[in-house]
Amino acid sequence: MFFLIAALSAFLLWTVFNSFFLPSLPKTFTLQNSPLVSVLIPMRNEERNVETLTSALKAAVYPNLEFIILNDQSTDRTGILLEQMTAGDSRFTVIGGKELPPDWVGKVHACHQLQQHAKGEYLLFIDADIRFSPEAISQALALMTRRKAKLLSGFPAFDVPPFLSKLLVPMQHFVVLFHLPLVLANYTNFPAATAANGMWMMFERKSYDVIGGHAAVHNSLVEDVHIARLFKASGYKMLLANITKSVQCRMYDTNHDAWEGFLKNSYTGIGRSPLFAAILTFFYSLFYILPLFLALYGISTNKLFFTVPYVLAVLQQAYIMARTRQHLYLAPLIPLQAAAMIAVLLQSMWKSWRKKPYTWKGRQYS
């Protein structure tokens with residue numbers, strides 16, 4: 001019991017300390033010049049996002065932009081809506097996606113095609129479900145310039161309507177702020193200390209071309225992390241930022257999509273290591289699931305001391321949610337969030353062992 005309290009207290013203090021090495025997008029900024037920024041968006045069956053995304057793009061205040069959207073063989077009304085929403089705005093180019101080659105992942109191939117049409121000195125890859133403030137692109141470029149980074153990425157604030165999203169999605173920020181040593185991530189070129197998010201990745205074009213672009217990670221289900229590691233391994237500075245004040249995202253609208261989305265990345269994201277999966281299962285079961293049962297025991301027996309580990313776990317999650325503009329009322333769900341994360345990891349590992357493909361947007365990946 002005392003060990004749990006001491007450990008969770010240390011985890012809370014570490015998380016607070018670690019968070020100071022995650023820079024936020026600047027509120028005020030100046031740019032000495034305005035290089036062309038190519039904003040590149042892959043879209044596959046994204047009819048629900050076309051209007052809100054194109055509206056956000058049109059509202060961007062950065063003065064030198066081009067928007068290139070790839071309609072990746074959508075079977076819904078994505079193409080029709082894109083034609084309607086981009087008509088008359090010369091900044092928009094809509095291209096059709098080609099057939100997916102063998103051994104390529106769909107999104108990676110879409111990004112590869114997009115960069116072939118881009119003319120910008122900077123490339124900003126975003127997902128179709130991203131929403132951002134008019135200043136977000138300028139803010140990202142200003143922070144990159146100030147920190148002399150060649151790649152900037154970040155995790156947005158998340159809208160989480162389905163129940164499984166409430167459990168799984170907030171753990172992305174939790175993992176970054178708790179497990180990733182941000183001083184190594186943002187101040188060294190140590191490849192292993194790297195996190196990135198393909199929803200929002202801004203590259204300096206020259207450096208992107210040198211490392212081979214998305215073609216260098218053509219078969220990766222976690223291409224964002226792998227391409228960021230390539231940047232570091234090549235000696236380029238990569239910056240992970242807190243973009244939550246300016247960038248938002250609704251990743252999933254259904255529990256099924258939330259489960260399948262995390263399923264394809266979970267085991268792959270830890271290098272398909274059974275040992276690492278076992279360690280994570282034990283760690284989260286001990287420190288973030290067990291405290292709930294201790295708290296229930298303490299309340300039922302009026303031994304409130306047993307609630308302390310649960311309170312510390314909730315405080316850690318609440319701090320992370322406050323820093324990343326998440327819903328604070330979800331912090332008490334940290335035991336369920338940890339359980340959901342472990343469940344999807346174990347299911348993902350089981351599918352990998354059985355050589356069952358992961359399914360996403362009508363495509364299957366091994």
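The values are calculated or read from the model by the stated rules, or taken from the named source; none is laboratory data. These numbers come from a predicted model, not from an experiment. All Cβ positions, glycine included, derive from the backbone under ideal geometry; neighbour counts span all protein chains shown. When the accessible area is computed, the model is the full protein with side chains, heavy atoms only, and any ligands, DNA or RNA have been set aside. Shrake-Rupley method; radii C 1.70, N 1.55, O 1.52, S 1.80 Å.
Details
- Within the range 5-21, residues that are within 13 Å of Val176 (Cα to Cα) have Cβ atoms under 8 Å from residues that are open to solvent by 30 Å² or more (accessible area, probe 1.4 Å) in these pairs: Thr15/Tyr319; Val16/Tyr319; Asn18/Pro181; Asn18/Val183; Ser19/Tyr319; Ser19/Arg323; Phe21/Val183; Phe21/Tyr187, counting only partners at least 6 apart in sequence or on another chain.
- Members of the range 241-275 found to be on the phi > 0 side of the Ramachandran plot and either charged (D, E, K, R) or touching a residue at least 12 places away in the same chain (Cβ under 8 Å) (or both), listed by number: Arg272
- Qualifying residues in the range 270-306 (those that are of a type outside the set (S, T, N, Q) and over 33 Å from the mean Cα position of the chain (by Cα)) - the one nearest to Pro335 (Cα to Cα): Leu296
- Any hit, the range 243-251, residues being out of contact with any Cys (no Cβ under 7 Å at 6 or more places or on another chain), at pLDDT 95 or above, under 21 Å from Leu12 (Cβ atoms) and not in a helix (DSSP H, G or I): yes
- Options Phe293, Phe282, Phe262, Phe276; residue that is in a helix (DSSP H, G or I), out of contact with any strand residue (DSSP E or B) (no Cβ under 7 Å at 6 or more places or on another chain), modelled with pLDDT under 95 and open to solvent by 60 Å² or more (accessible area, probe 1.4 Å): Phe276
This table checks each residue for (1) assigned to a strand (DSSP E or B); (2) within 22 Å of Lys166 (Cα to Cα); (3) modelled with pLDDT under 95.
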{"site": "Leu286", "(1), (2), (3)": "no, yes, no"}
{"site": "Gly298", "(1), (2), (3)": "no, no, yes"}
{"site": "Leu312", "(1), (2), (3)": "no, yes, no"}
{"site": "Leu315", "(1), (2), (3)": "no, yes, no"}
{"site": "Ile334", "(1), (2), (3)": "no, yes, no"}
{"site": "Gln337", "(1), (2), (3)": "no, yes, no"}
{"site": "Gln347", "(1), (2), (3)": "no, yes, yes"}
{"site": "Trp350", "(1), (2), (3)": "no, no, yes"}
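- Taken over the range 198-221, the residue count meeting the criterion of being touching a Gly at 6+ places or on another chain (Cβ under 7 Å), of a type outside the set (D, E, K, R) and open to solvent by 20 Å² or more (accessible area, probe 1.4 Å) is 0.
- Within the range 91-109, one or more residues are open to solvent by less than 10 Å² (accessible area, probe 1.4 Å), touching a Leu at 6+ places or on another chain (Cβ under 7 Å), in contact (Cβ under 8 Å) with a residue 40 or more places away in the chain and under 26 Å from Asp257 (Cβ atoms).
- Restricting Ser55, Ser74 to residues that are among the small types (Gly, Ala, Ser), in a helix (DSSP H, G or I) and under 25 Å from the mean Cα position of the chain (by Cα) narrows the list to Ser55.
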